[in-house]
Amino acid sequence: MFKNLELDGSSLHALQSKTERIIAIFDEKPYLASHVRLLELRGFESTWPEKEGIYARIAEGVIQRLSKMDTIEFNGVDWKRLSPSLRAALFGAFEALSLTRITITKCIFPAFADLASLLIHARYLKALAIWSVFFIDEPIDEPNASDFVAIPRSIKLDEFGTSEIDRFTSWFQEESCPFEIGDLQFLRIYFSTPYHSAAFLVQHVGPNLRKLELHPPSPGKLEKSPRESLAAITSQNVGRKMRMVMVMGARVQAAVAVESTRAVVAAKVAEPTRAVAGARPGTRTPATRGTPN
C-alpha cells in the first residue's frame, strides 16, 4: 500500500485530508514509513496562504519519516512556491543514502542554479531524468543550498535523460560539477539543432554506454537528413559496444547496431507512429522515467 506515495497539491483540501491520514497511520504504525520507496509530488503550484501550514505538515510528518525511499519524482512543481520548511525537507530527502533515482518533469525553478543546488544533494544518485523544466531567472537565496559543498565528479550516474541538454552540457563541463557521466550505461536526450551539445554528451560518456536514445526535433526542422544527423552526433562512437542507438521523432525512426568496430546504419522515414521508446510525462519506465511531449 505504501510502496508508492503520491501527494497531489492541485487541491489543498484534498492534500490536507490525505496528509493527515498518512500522518495518523505513521503515528500508529511508524514502521510503515520505511516501506515507502517512491515519493511523487504533483501539482505543487498553489499561491494560497493556507498552503504554508499544510506544506509544513508534509515536511515534518511525512517526508522526514521516509528513511528508505529510493525514488523521488516531481511533476508540475513550482519550487519557489514551496514553503521554506518543505524545501528544507526535500533537501534532506535528496541526501538520503537510499535515494538513487530522480525524475523532474514540467517544473518551474527560479534559475538553473536553484535546480543544480538541489541536485547536488543527491550524493548517491544513479539515475537522473529532467524533462521540460522552466526557469524564470529569479534566483532565490536558499541557505540549505549555499551551505552545501559537493565534491567534483563524486556523483557517478548510470542513467541520464534530459530535454534541457544545453544547460546540462555547460554544467557538466565545469570543473566544480559533482556529476560524472563517464560511467553512463543509458543516455536518452531530446535535442535541437545545432548538434554540439548532443555530440558532446555522446562523445564524453565512457565505454560502459550500452544504450543511447536520441530524440530530434521534427524532421522538417533537422538541418540534415536523419542519417546525416545521426552520423553527426555518433561519429565518435562507432567502435563502442553499444547495443542500440535510436533516433526517434514523429516521422523518423533510425537504428544503429554496433558490433565491435563495425557499424550498420539503417534509417527510414516513416508515417507518424507512437514513439518507439518514449513515454509521456509521468509515465514510469524502467530507466529514466518519463519523457517530454
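Here residue 5 passes the criteria (1) closer than 30 Å to residue 136 by Cβ; (2) crowded, with 16+ Cβ neighbours inside 10 Å; (3) free of Cβ contacts under 8 Å to residues at least 40 places away in the same chain except the one numbered (3). Residue check: is residue 58 at pLDDT 95 or above and either in a strand (DSSP E or B) or closer than 20 Å to residue 156 by Cα (or both)? Here the answer is no, as residue 58 does not meet what is asked. Among the residues of the range 33-61, how many are charged (D, E, K, R) and farther than 20 Å from residue 100 by Cα? Residues meeting the conditions: 6.
The residues of the range 22-40 that are surrounded by 16 or more Cβ atoms within 10 Å (Cβ to Cβ) and small (Gly, Ala, Ser) amount to a single one, 33.
So which residues in the range 153-164 are within 21 Å of residue 207 (Cα to Cα) and not basic (Lys, Arg), if there are any at all? Don't jump to the end; show me each part of the working.
So the first thing to find is which residues in the range 153-164 are within 21 Å of residue 207 (Cα to Cα), and the list is 153-162.
Within the range 153-164, 154, 155, 157, 158, 159, 160, 161, 162 meet the criteria.
Just one of 43, 76 is at positive phi and buried (at least 17 other Cβ atoms within 10 Å of the Cβ); which is it? Even if it seems obvious, please write down each step before you answer.
Numbers: 43 fails: buried (at least 17 other Cβ atoms within 10 Å of the Cβ).
Just a single option satisfies the conditions, and that option is 76.
Note on the range 133-155: residues that are crowded, with 16+ Cβ neighbours inside 10 Å and either modelled with pLDDT of 95 or more or part of a strand (DSSP E or B) (or both) amount to 3. Please verify whether residue 19 is crowded, with 16+ Cβ neighbours inside 10 Å and either touching a residue at least 12 places away in the same chain (Cβ under 8 Å) or not assigned by TED's automatic domain parsing to the domain that holds residue 133 (or both), treating the condition exactly as stated. Yes.
Quick check, is residue 14 free of Cβ contacts under 8 Å to residues at least 24 places away in the same chain, farther than 23 Å from residue 159 by Cα, surrounded by fewer than 18 Cβ atoms within 10 Å (Cβ to Cβ) and of a type in the set (A, V, I, L, M)?
So residue 14 fits the description; yes.
Does residue 179 satisfy being surrounded by 21 or more Cβ atoms within 10 Å (Cβ to Cβ), of a type in the set (Phe, Trp, Tyr) and under 20 Å from residue 121 (Cα atoms)?
On the way: surrounded by 21 or more Cβ atoms within 10 Å (Cβ to Cβ): yes; of a type in the set (Phe, Trp, Tyr): yes; under 20 Å from residue 121 (Cα atoms): yes.
Considered against the rule, which asks whether it is surrounded by 21 or more Cβ atoms within 10 Å (Cβ to Cβ), of a type in the set (Phe, Trp, Tyr) and under 20 Å from residue 121 (Cα atoms), residue 179 comes out as yes.
Scanning the range 46-73 for residues that are crowded, with 21+ Cβ neighbours inside 10 Å and under 14 Å from the mean Cα position of the chain (by Cα) gives 72, 73.
The values are calculated or read from the model by the stated rules, or taken from the named source; none is laboratory data. Source: prediction; values computed, not measured. Methodologically, a virtual Cβ is constructed for each residue, glycine included, from the backbone with ideal geometry; neighbour enumeration extends over all protein chains shown.
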